[in-house]
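Chemist: My questions will all concern the structure given below.
Only the coordinates and a few stated rules stand behind these numbers; no lab work does. It should be emphasised that the depicted structure is a prediction, and the values quoted were computed from it without experimental measurement. Cβ coordinates were reconstructed from backbone atoms using ideal geometry, including for glycine residues, and neighbour counts include every protein chain displayed.
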Amino acid sequence: MDSLRFPDDLVRTQQAWNTTYQALAAPHPRYSTALRRRLLRLSVLLHTHPFWSTALGGVPAARVGLRRQARAGRQSRGERSA
């Protein structure tokens, strides 16, 4: 699944979901209601993305691949800015 090419908007949405989840998981998060609403909205966008209705998106491992690619993309961006 590592070679699977995901749409850019889907990867960005997963990265935003990861960031929002981490912010909400922090001890005593500020604006927790807004973060929960954002997480829910991003979850809906992820779940209903048209990619999942394609042949490639129908593979169960594709969702795991998306999460891995989103994490890897964020880590490589962090390394470049350091």
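Chemist: Considering only region 46-62, state which residues are exposed (fewer than 15 other Cβ atoms within 10 Å of the Cβ) and in contact with a helix residue (DSSP H, G or I) (Cβ under 8 Å, 6 or more places away or on another chain). Steps first, answer last, please.
Modeler: First, pick out the residues of region 46-62 that are exposed (fewer than 15 other Cβ atoms within 10 Å of the Cβ): 47-48, 50, 53-56, 58-61.
Within region 46-62, 56, 58 qualify.
Chemist: I've got another one for you. Scan region 44-73 and report the pairs whose first residue is of a type in the set (Lys, Arg) and whose second residue is surrounded by fewer than 12 Cβ atoms within 10 Å (Cβ to Cβ), with Cβ atoms within less than 9 Å and a gap of 6+ or a chain change.
Modeler: 68/2
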